[in-house]
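Chemist: This structure is in structure tokens; I'll ask about it shortly.
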Amino acid sequence: MILVIAGTKDGRDLITLLAKEYPVMASVFSDYGRDLLKLDNLSIHTGPLDSEGLTELIANHNITLVVDASHPYAVNVSKNTMQACKNSQISYLRYERPCATMPVYEKLYVVNDYLQAIERSASLGKVIFLTTGSRHLRLFKVAEGLQNHRLIARILPEANVLTECLELGFSPQDIIALQGPFSHELNKALFKDYQAEVIVTKNSGQIGGCDTKITAAMDLGLPIVLIDRPKIDYSQIVYGIEDVIQFVKEAQNHEIYNRTNDH
């Protein structure tokens, strides 16, 4: 069986393609991610797993290959997955969605991490529109340099995420709970309506809507703080879904060949 770590839309698309040919199991982080996978007879594990938990999952379900299609910024997920594959002595493949092409724009500021993003955005404006997901909102909310700023959080429409935002002290009027990716026009309308002065985002690629955030901000003349992708030394990586399909095909043929010759 093939295990796909699916944290993105393209990860779900990949599962749909692979499931037509092979037995597939998906591992997703949330109930929302599980509900987006609408395939019959698909085994799904829901919830975070460390390397030991993944190793156990691999053993219990006779996994022979893991495709890591987690979000480009999910560093710990990828590291845990590589370790679990090493523990289990099975193949690991990273599917990395392509980065969005960055335009020449004098108000585009590329930073290495969230702390740098906080420092840079604080100096650029008082109303900061966060499009970085929910997992690091606490860093922005508690940052000393942002206590006199207005923070707008655009998040997934999940009850637990909304609750977390409220507990962090976000006002309901500063929370936008919508499923992306968003068009250029909708991004522009939201940035304008919320009187954003700074946009903070990540290079999640075109499929993650990074390009339309940037073009919308550019149209409005807004500064953009872009958190660059983390640098991870993947043991094996491809950048196209067709390359994943080809790798899986070759790996499965190799496994069948070995089983046949063992007998």
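Every number in this text was worked out from the coordinates using simple rules, so none of it is lab data. As the structure is a prediction and not an experimental result, all values here were calculated from the model. Neighbour counts are summed over all protein chains in view; Cβ atoms, including those assigned to glycine, are modelled from backbone coordinates with ideal geometry.
Chemist: Tell me, what HN-Hα J-couplings in whole Hz come from the Karplus equation 6.51 cos²θ - 1.76 cosθ + 1.60 at θ = phi - 60° for each residue of segment 113-129, using x for Gly and Pro?
Modeler: These are the phi-based 3J(HN,Hα) values: 7, 5, 5, 5, 5, 4, 4, 5, 5, 4, 8, 9, x, 9, 10, 10, 9 Hz.
Chemist: If I fit a long axis through the Cα atoms of helix 51-60 and take the longest principal axis of the Cα atoms of the chain, what angle between them do I get, 0 to 90°, rounded to 10?
Modeler: It is inclined by approximately 40 degrees.
Chemist: When averaged across all projection directions, what area in nm² does the alpha-carbon convex hull of segment 1-116 cover?
Modeler: For segment 1-116, averaging the hull's shadow over all directions gives 8.7 nm².
Chemist: Would you please give the FRET efficiency between K86 and L168, computed as 1/(1 + (r/R0)^6) with r the Cβ-Cβ distance and R0 = 51 Å, to the nearest 0.05?
Modeler: Between K86 and L168 the formula returns 0.90.
Chemist: Return the whole-Å distance between the Cα centroid of segment 1-24 and the Cα centroid of segment 102-164.
Modeler: With segment 1-24 and segment 102-164 each reduced to a Cα centre, they are spaced 32 Å.
Chemist: Quick one: if you stick a label point 7 Å off each Cα along the C-beta vector at N41 and C99, how many nm between them?
Modeler: Result: 4.2 nm between the two label points.
Chemist: With each run of n ≥ 4 DSSP H residues scored as -39500 (n - 2.57), what mean residue ellipticity at 222 nm is computed for the chain after dividing by its residue count and rounding to the nearest 500 deg cm²/dmol? Walk me through the numbers before you get to the answer.
Modeler: On the way: 10 runs with 107 residues, N = 263.
Helix contribution divided over all residues of the chain: -12000 deg cm²/dmol.
Chemist: Taking a cut-off of 31 Å, what percent of all Cα-Cα pairs in the chain are separated by more than that?
Modeler: Value for the chain (Cα pairs over 31 Å): 32 percent.
Chemist: Can you check what the Kirkwood hydrodynamic radius comes to for segment 26-77, Cα pairs only, in Å to one decimal?
Modeler: Roughly 12.1 Å, rounded to one decimal.
Chemist: For H71, enumerate residues with amide H under 5 Å from its amide H, sequence gap 5+ or separate chain, H modeled in the peptide plane.
Modeler: Here G7 satisfy the definition.
Chemist: As I understand it, the value is the acute angle between the Cα axis of helix 9-18 and the longest principal axis of the Cα atoms of the chain; what does it come to in degrees, rounded to 10?
Modeler: Orientation of helix 9-18: about 20 degrees from the principal axis.
Chemist: Highest mean first, how do 220-232, 77-89, 1-13, 42-54 rank when packing is the count of other Cβ atoms within 10 Å averaged over residues? All intermediate terms of the calculation are to be shown ahead of the outcome.
Modeler: On the way: 220-232: 17.2, 77-89: 18.9, 1-13: 21.3, 42-54: 15.6.
Highest-to-lowest ranking by the protection proxy: 1-13, 77-89, 220-232, 42-54.
Chemist: What percent of all Cα-Cα pairs in segment 105-148 falls in each 10 Å bin, counting up from 0?
Modeler: For segment 105-148, the pair-distance distribution reads 25, 63, 12.
Chemist: Further question on the same structure: Evaluate the distance, in nm, between pseudo-label points positioned 7 Å from the Cα of K231 and of N160 along their respective Cα→Cβ axes.
Modeler: Computed distance between label sites K231 and N160 equals 3.4 nm.
Chemist: Wrap a convex hull around the Cα atoms of segment 108-227, take a quarter of its surface area, and give that in square nanometres.
Modeler: 6.4 nm²
Chemist: Output the 0 to 90 degree angle, nearest 10, between the alpha-carbon long axis of helix 210-220 and the longest principal axis computed from the alpha carbons of the chain.
Modeler: It is inclined by approximately 10 degrees.
Chemist: Roughly what would the spin-label model give for Q246 and E52, points 7 Å off Cα along C-beta, in nm?
Modeler: Placing both labels 7 Å beyond Cα along the Cβ direction yields 4.0 nm.
Chemist: Considering the chain as a Gaussian network with a 10 Å cut-off on Cα pairs, which listed residue, D211, D40, D233, attains the greatest mean-square fluctuation?
Modeler: D40
Chemist: What are the residues whose amide H is under 5 Å from the amide H of F29, where those residues sit 5 or more places off or on another chain and H is modelled from the backbone?
Modeler: Under 5 Å from the amide H of F29 lie the amide H atoms of G47, each far enough along the sequence or on another chain.
Chemist: Mind listing the long-range amide H neighbours of K202? Cut-off is under 5 Å, sequence gap 5 or more, other chains count too, H placed in the peptide plane at 1.01 Å from N.
Modeler: When sequence neighbours closer than 5 places are left aside, the close amide H contacts are I227.
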